[in-house]
Every structure is written in structure tokens, then in C-alpha cells.
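The values are calculated or read from the model by the stated rules, or taken from the named source; none is laboratory data. Bear in mind that the values here come from a model prediction, so they are computed numbers and not experimental data. FYI the Cβ positions are ideal-geometry reconstructions off the backbone, even for glycines, and counts take in every protein chain you see. The protein model used for the area step is the full one, side chains on, heavy atoms only, and it has no ligands, DNA or RNA in it. Shrake-Rupley method; radii C 1.70, N 1.55, O 1.52, S 1.80 Å.
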Amino acid sequence: MEIREDILEIAERWRDDGREVALATVVSTWGSAPRPTGSRLVIDAQGNFEGSVSGGCVEGAVITEAMDVISSGKPELLEFGVADENAWELGLSCGGQIRVYVEKVA
Amino acid sequence: MNLQLLKAINENRANRQAVILITNLKSGVQRLVRESELGSDDPLHDTLIAALRGGRSQTFLHEGEELFLNVHTPPTRLIMTGAVHISQALYPMAVACGHDTVIVDPRAAFGTPERFPGVELIVGWPGDLFPNLGIDRYAAIVTLTHDPKIDDPALEYALSTDAFYIGALGSRKTHGKRVERLTDKGFDKDRLSRIAAPVGLDIGAKSPAEIAVSILAQLTAALRQGPQESAKR
């Protein structure tokens with residue numbers, strides 16, 4: 001864990017190390033979203049990651065998508081809403097909604 | 001995003017230049033705009049200026065296309081005077097909050113590597129050094145020495161900058177004397193009101209680490225809520 005989190009610097013460093021990298025960025029939020037617009041996650045092809053786009057609720061799904069984006073090279077816009085009563089349903093327990101843009105650092 | 005674009009964003013931030021990355025969320029087409037090169041002929045000029053000023057990333061509809069404006073401002077900085085007990089606590093906390101942090105103290109005996117391992121510490125007088133530090137609106141200045149010879153010149157220079165936060169350690173009485181000295185030097189009440197003193201939120205902090213928490217909390221409020229909001233505290 002890095003004390004000083006600068007996701008874009010980490011992304012550049014990982015790329016320079018020859019790793020395949022994707023960036024996930026919160027582009028919009030509604031309601032009480034846990035992390036503000038512009039929050040980021042950097043992910044590599046092995047699923048290693050730094051940063052956050054929520055309080056931990058949807059990172060797992062974003063990481064899985066990011067690994068697909070790394071192999072396809074095609075950006076994706078993901079949307080996450082309110083979680084329902086089913087505890088295993090993916091979503092934000094805080095009642096907010098977020099959209100996350102996932103792109104490969106080519 | 002290609003690697004060149006990522007490197008360009010990081011390089012601009014390291015050079016303390018604000019940039020906006022514009023992404024068309026449908027096509028994925030991206031464009032990087034530097035604050036310094038933003039032309040009045042840019043079709044998004046007014047929107048980009050507003051985004052840069054507020055430092056807030058946002059989506060935006062332009063000719064039926066949804067664009068994401070990602071604002072990248074330079075890293076915030078904290079410049080403090082005094083290689084003292086409070087700065088020993090404040091330095092690592094400020095770094096953890098993401099601020100590029102530096103301590104300035106002319107007294108070489110205070111800023112020893114034993115007391116400040118791995119810390120960016122400049123031995124010298126704030127009056128000489130501060131003008132060379134490129135203090136901009138993403139910088140905060142906190143004086144911690146209690147010594148007017150060191151802190152006053154730091155504050156005098158700080159007041160001439162756009163620093164988003166200026167704080168000075170010392171009791172109300174100490175600050176009263178400080179205000180008298182600075183008033184004699186021609187600083188009016190309005191300008192002196194920019195100095196947060198006694199520095200830090202009033203949380204009853206006692207130990208150096210607790211005082212560091214109160215300073216960092218007040219600095220954070222100034223950064224995130226603006227100077228007006230933080231002044232109410």
C-alpha cells in the first residue's frame with residue numbers, strides 16, 4: 001500500500017514496468033455516492049489494483065470488467081445502482097448511483 | 001487513453017499546470033487541454049474555465065454527445081516553517097493526505113536527519129527561500145517556529161501569494177502581537193484576516209500529533225470548502 005496515493009502516477013509506473021493497465025474513473029454520481037466524480041482505480045491484467053471508485057461495494061465488478069477491457073482494448077461505461085434487499089446483489093448499499101468509465105492505457 | 005496522454009497529464013501536474021482531459025464517453029475520443037493554452041476560440045471555453053476554477057470533474061452534453069471533463073489540478077503543497085515537534089507529527093500526516101510537503105528552518109541543529117528521517121527539509125530563511133518555491137493557489141503555508149524572525153517573513157510573503165491556506169502557530173496573545181508587527185509593516189486588517197490563528201480547528205488538541213490533526217483538518221476545510229467556510233470555524 002502506498003501512503004501517498006496518486007493513481008495516474010501508479011498507472012504510468014506500472015505501464016513503464018511493462019504491465020498491461022486499465023483505468024476506471026467515476027464520471028458521474030447521483031445521490032449519496034461514496035466517492036466523488038473523478039475518483040479512480042488502476043487495474044492490471046492480473047487483477048492487481050490501487051485506488052477506489054466506491055467504498056468497496058463495486059470494485060470487484062469493476063476489476064473484472066477492467067480485465068476484459070485490457071484484453072479487448074475497447075472502453076466500457078459501467079453503471080451501478082442501489083443494491084436491493086438481496087445482500088449478494090451488486091450495488092451501492094448507500095443508495096447512490098455511479099457511472100464508471102473503464103479504459104485501457106494503450 | 002494512450003500512454004503518451006497519461007504521461008502528458010502527469011508531466012503537466014508535476015510542472016504545476018492544471019489540465020482537463022475531455023473524453024467523449026460514446027466514441028472514446030480524447031483531447032487534453034492545458035489551462036495555460038486554453039484559447040477563447042475553444043468551443044468549450046466557458047465550461048472548461050468554470051471546471052478549472054472549481055477543480056471539479058463533471059459530465060457535459062455538447063452537441064448531443066456526452067463528454068466527461070476530468071480536471072487534473074497540480075498536487076497540493078504544504079510548506080511549513082520550523083523543524084519542530086509539531087512538524088514531526090504534521091509532516092507524515094500531510095503526506096498521507098496527498099500534499100507535497102516541505103519544512104523550511106534556518107536552524108541546522110533542528111532539522112537533523114535523526115529527527116526528520118526521509119523528510120524534505122530546506123535549511124534557510126523563509127524570506128529568502130519562499131519567493132523561489134513557486135507558491136500558487138494549490139499551496140498552503142503554516143508557520144510553526146514561534147520565532148518572529150523566522151515566521152514573520154514567511155507570513156509576509158505568504159500574504160502576497162494566492163495560497164489557499166495560511167496558518168500561524170501561537171496563542172491569541174502571540175497572534176495579537178504578530179498582527180501589530182504586520183500592521184506596522186503596512187498589512188491591513190483584510191489581508192491579515194487570511195491568517196488562520198491560532199492555527200487549527202478548536203478541538204482541544206494538546207499533544208503535537210493532536211495539534212497536527214487540527215491544523216490538517218482546518219487546511220482540508222479551506223481546500224475543499226473554500227476559505228469562507230473554513231473561516232467560520
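The candidates B:Ile195, B:Ile211, arranged from most to least accessible area with a 1.4 Å probe in the full protein assembly, appear as B:Ile211, B:Ile195.
Ranked from largest to smallest solvent-accessible area, with a 1.4 Å probe on the protein heavy atoms, A:Lys104, A:Lys74 come out as A:Lys74, A:Lys104. In region B:1-38, burial by the other protein chains removes 50 Å² or more of accessible area from B:Met1, B:Leu3, B:Leu6, B:Lys7, B:Asn10, B:Leu25, compared with the chain on its own (1.4 Å probe, ligands and nucleic acids ignored).
Simple rule: put +1 on each Lys or Arg Cβ and -1 on each Asp or Glu Cβ in region B:126-233, find the dipole, and look at B:Leu182, B:Thr145, B:Pro208; the Cα lying farthest toward the positive end is B:Pro208. Taking N as the number of residues in region B:3-72, what is its Cα Rg relative to 2.2 N^0.38 Å? Rg over 2.2 N^0.38 Å, computed on Cα atoms: 1.05. Using 0.36 nm per residue and subtracting the Cα-Cα separation, the extra length available between B:Cys97 and B:Phe60 on full extension is 10.4 nm.
For chain B, the longest principal axis of the alpha carbon atoms and the long axis of helix B:3-14 meet at an angle near 30°. Ligands, DNA and RNA are left out, and with a 1.4 angstrom probe the accessible area of region A:7-104 is 46 Å² per residue.
Across the options A:Phe80, B:Val29, B:Pro198, the greatest Cα extent toward the positive end of the charge dipole of the protein assembly as shown (unit charges at beta carbon of Lys, Arg, Asp, Glu) belongs to B:Pro198. So for the protein assembly as shown, Kirkwood radius off the Cα pairs, Stokes-Einstein at 25 °C and 0.890 mPa s: how many µm² s⁻¹? Rounded to a whole number, D works out at 112 µm²/s.
Averaged per residue, what accessible surface does region B:3-72 expose to a 1.4 Å probe, in Å²?
Heavy-atom SASA per residue in region B:3-72 reads 53 Å².
Global size of region B:77-232: 14.2, 41 Å for Rg and Dmax (C-alpha atoms, Rg to one decimal, Dmax whole).
Take A:Arg15: with every protein chain present and a 1.4 Å probe, its accessible area is about 60 Å². Residue by residue along A:25-38, Cβ atoms of other protein chains within 10 Å of the local Cβ number 3 on average.
Taking all protein chains together and rolling a 1.4 Å probe, B:Met1 ends up with roughly 20 Å² accessible. Each label was represented as a point 7 Å from its Cα along the Cα-to-Cβ direction; for B:Leu159 and B:Lys177 these points are 1.8 nm apart.
Given their separation in residues at 0.36 nm each and the Cα-Cα distance between them, B:Thr112 and B:Ser207 gain 32.1 nm when the chain is fully extended. The portion of the accessible surface of region B:77-232 made up by carbon and sulfur, rounded to a whole percent, is 54 (1.4 Å probe; DNA, RNA and ligands excluded). Straight-distance candidates among the lysines for linking to B:Lys7, with alpha-carbon spacing under 29 Å and chain neighbours fewer than 8 residues away dropped: A:Lys74, A:Lys104, B:Lys26. Note: relative contact order over chain B, using C-alpha pairs below 8 Å and six or more positions apart, is 14 percent.
How far, in degrees from 0 to 90, does helix B:172-184 lean away from the longest principal axis of the Cα atoms of chain B, to the nearest 10? It is inclined by approximately 80 degrees. Working from the Cα coordinates of region A:7-104, the gyration tensor eigenvalues give, after taking √(5λ), semi-axes of 24, 13, 11 Å in decreasing order. Looking at chain B as a GNM with Cα springs under 10 Å, which of B:Glu156, B:Glu210, B:Glu35 has the largest mean-square fluctuation? Looking only at B:Glu156, B:Glu210, B:Glu35, the biggest GNM fluctuation is shown by B:Glu35. In this assembly, the A-B interface accounts for approximately 1900 Å² of buried accessible surface in total, computed with a 1.4 Å probe and without ligands, DNA or RNA. A probe of 1.4 angstrom, applied to the heavy atoms of all protein chains, finds B:Asp202 with accessible area near 150 square angstrom. Taking the helices alone, chain B has a mean residue ellipticity at 222 nm of -12000 deg cm²/dmol, built from -39,500 (n - 2.57) per DSSP H run of at least 4 residues and averaged over all its residues. Partners of B:Lys189 within straight-line reach, counting lysines whose Cα lies under 27 Å from its Cα and excluding those fewer than 8 residues away in the same chain: B:Lys149, B:Lys173, B:Lys177, B:Lys232.
State the antiparallel share, in %, of DSSP beta bridges confined to the protein assembly as shown, rounding to the nearest 5. Could the numbers behind the result be given before it?
On the way: 37 of 56 bridges.
The answer is about 65 percent antiparallel.
Among the trypsin sites (Lys or Arg not before Pro) found in region B:1-100, those both in a DSSP coil and sparsely packed, with 14 or fewer other Cβ atoms within 10 Å of their Cβ, are B:Lys26, B:Arg56.
In the elastic network of chain B, a GNM with C-alpha springs shorter than 10 Å, the most mobile of B:Leu61, B:Leu48, B:Leu201 is B:Leu61.
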